[in-house]
């Protein structure tokens, strides 16, 4: 049975607008019409924000068999990598996803392809970021640029930490596992340009 389709789970809606002047009514009407309950909202919160109260509450609430429903893809993720990571997390947790405007429904056979595409894209993006970082360090060394103190965390460790964060692991737990402070971990993620995608 499909989540949200045949009674095996709830349809959980999420709506967001970036500024206080914008209205949620269009999204809320569409989500209500799609049978979503509950619906979580972020009003006047930029997609680039690291923490969104409505999104965080929704992620804490959904469980296996549920379906997350949004009006448009860009309402959910603050970057393509962040969106990819969320969809991969949904897949791993047994949660389906629907975007009304784009006609995506991962509870259908065709929609399952979306999970695989976004999973591959997330992996590809991290590989590119890691490769660019390593190439940049190598080029700086060849130019004789002093890079300062050697970072505590290797680029590979930072990319893996970012993947774990995207999968729902707590940053404090990851920092403990790596033997660094939360501040050191956050600084390393920022240095590699992964902060807007975490």
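The values are calculated or read from the model by the stated rules, or taken from the named source; none is laboratory data. Here the structure is a predicted model, which means the values were calculated and not measured. Note that each Cβ is placed from the backbone with ideal geometry, even for glycine, and that neighbours are counted across all protein chains shown.
For region 45-52, state whether one or more residues are outside any loop (DSSP other than H, G, I, E, B) and either outside the structural domain of residue 126 (by TED's automatic domain parsing) or modelled with pLDDT of 85 or more (or both). Within region 45-52, not a single residue is outside any loop (DSSP other than H, G, I, E, B) and either outside the structural domain of residue 126 (by TED's automatic domain parsing) or modelled with pLDDT of 85 or more (or both).
Which ones in region 67-97 are touching a strand residue (DSSP E or B) at 6+ places or on another chain (Cβ under 9 Å), in a loop (DSSP other than H, G, I, E, B) and surrounded by fewer than 21 Cβ atoms within 10 Å (Cβ to Cβ)? The answer is 72, and nothing else. In region 98-123, the residue that is surrounded by the most Cβ atoms within 10 Å (Cβ to Cβ) out of those that are touching a residue at least 40 places away in the same chain (Cβ under 8 Å) and not assigned by TED's automatic domain parsing to the domain that holds residue 59 is 122. Can residue 124 be described as outside any strand (DSSP E or B), within 19 Å of residue 74 (Cβ to Cβ) and at pLDDT below 80? No: the conditions fail for residue 124. Within region 152-163, track down each residue that is at pLDDT 80 or above and part of a helix (DSSP H, G or I). Matches in region 152-163: 155, 156, 157, 158, 159, 160, 161, 162. Restricting region 177-196 to residues that are without any contact (Cβ under 8 Å) to a residue 24 or more places away in the chain and loosely packed, with under 15 Cβ neighbours inside 10 Å, which is nearest to residue 161 (Cα to Cα)? Here the residue is 177.
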